[in-house]
1. Can you tell me how the range 189-268 classifies by the Cα gyration tensor, rounded, prolate or oblate, using a/c under 1.5 as the rounded cut?
2. From the backbone phi of the range 241-254, what are the Karplus-calculated ³J(HN,Hα) couplings (6.51 cos²θ - 1.76 cosθ + 1.60, θ = phi - 60°) in whole Hz, Gly and Pro given as x?
3. Scan the chain and report its longest stretch carrying no GluC sites (Glu not before Pro) that are both in a DSSP loop and have at most 15 other Cβ atoms within 10 Å.
4. For the range 130-246, what is the percent of antiparallel DSSP beta bridges, rounded to the nearest 5?
5. Relative contact order for the chain: what is it in percent, counting Cα pairs under 8 Å that are at least 6 residues apart?
6. Antiparallel versus total DSSP beta bridges in the chain: what percent is that, nearest 5?
7. What angle, in degrees between 0 and 90 and rounded to the nearest 10, separates the Cα long axis of helix 73-88 from the longest principal axis of the Cα atoms of the chain?
8. For the chain, what % of the accessible area comes from carbon and sulfur atoms, probe 1.4 Å?
Amino acid sequence: MSVWGTDDLHYYSSTKKINLDDFTLTRDTKITVLSGAGISAESGVPTFRGEDGIWKDAEKMRLATPTGFATHPDKGWDFYNLRRMNMAGAEPNNAHKVLAELERQGYDVVVITQNIDRLHHVAGSKRVIELHGTIWEIKCGNPGCSLEPFENKDVPIKGIPLFCDICGTHLRPNVVFFEEMLDPVNVQNAEIRTRETDLFLVVGTSGVVYPAAGFAQLASASGAVVIEFNLENTPLSFFCDKSVLGQCGMLIPPTLNKLSRGEFVYEC
Ligand code: BV8
């Protein structure tokens, strides 16, 4: 035994990669999807870290923090108005639609999304955990205020910056900024679901934002078959049984059809 007593630890190894031919998707299969900005790319919604990624402008990333937004709510709202305009005309693509169809056909599927565009809901998915909130709701910037978050679909929002009628604090998008805790109910639900998942799909995420990215690792450690859909390998590829590289809207439907041995069919 080594000095650290590590001989008895079962380190993860890449040999865990199972052969997908040995896996059959049935209506008893618990399917969970972790989606990121890449699932909405084919709908025309810009991603964060690609060539023309939103976060390339560090100023914008600073506005997506509590301090940044509170210091410059006017610039913050300019940024989120731009995001609202990007998302307003977007329609769900086949990647969103095939997951909604899976649910409609009675498969046990839950979507854990990092996205704030609600395209999963528009596509018809009902079982969605929005880890990072939604751009289509507004809330008070004062966590102790009694104002409930409320829906606002204006594009753009006028009269910015906005202030709370109850406490006078600036109003902000109902999203989770960097350095902010996620809603513990969402985290707990996502964790419990991930632990009981049989098939975990990691779709369109660079896998760098935590705790969201951690659910792919947890799925692998919990014994799920993990399949990644991305244009390229990511830090999460190590935890995946397979990485399907290409446009997810094109590749998810045939992959699900193959895994279900032809049972699940989605016409693009
Ligand atoms: C937290 C909402 C505890 C807002 C977002 C130092 C200081 C403070 C915190 C940290 C720190 N270091 C680390 C942290 C933790 C931090 C973090 O992870 N930072 C990263 C950047 C290192 N996390 C947090 O702060 C979280 N809270 O930890 O609380 C705490 C409390 C106090 C202090 C410390 C910690 C909160 C994270 C949530 C942040 N909010 N969004 C908004 O959207 O405006 S995150 C933002 O990134 C989006 O939600 C986005 O979804 C998410 C992740 O990005 P992706 O979705 O993966 O998008 P990306 O562009 O990166 O990748 C797209 C992928 O798709 C690419 O791989 C591309 O190849 C692929 N793709 C493109 N097209 C296609 C495709 N794939 C397939 N088909 C295609 N067609």
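1. Values: a/c = 2.10, a/b = 1.34, b/c = 1.56.
Cα axes put the range 189-268 in the oblate bin.
2. Those phi angles translate into 6, 8, 10, 9, 9, x, 5, 5, x, 8, 9, 5, x, x Hz.
3. Numbers: sites that count: E51, E179, E180, E196, E232, E263, E267.
Between the exposed loop sites, the longest stretch runs 52-178.
4. Taking every DSSP beta bridge within the range 130-246, about 45 percent pair in antiparallel fashion.
5. This gives 23 percent for the chain.
6. Values: 8 of 31 bridges.
Bridges in the chain that DSSP calls antiparallel: roughly 25 percent.
7. 50 degrees
8. 54 percent
The values are calculated or read from the model by the stated rules, or taken from the named source; none is laboratory data. What you see is a predicted model; the values in this text were computed from it and never measured. Virtual Cβ from ideal backbone geometry, glycine too; neighbours counted across all protein chains shown. Ligands, DNA and RNA are stripped out before the accessible areas are found, and what is left, the full protein with its side chains, is counted by its heavy atoms. Shrake-Rupley method; radii C 1.70, N 1.55, O 1.52, S 1.80 Å.
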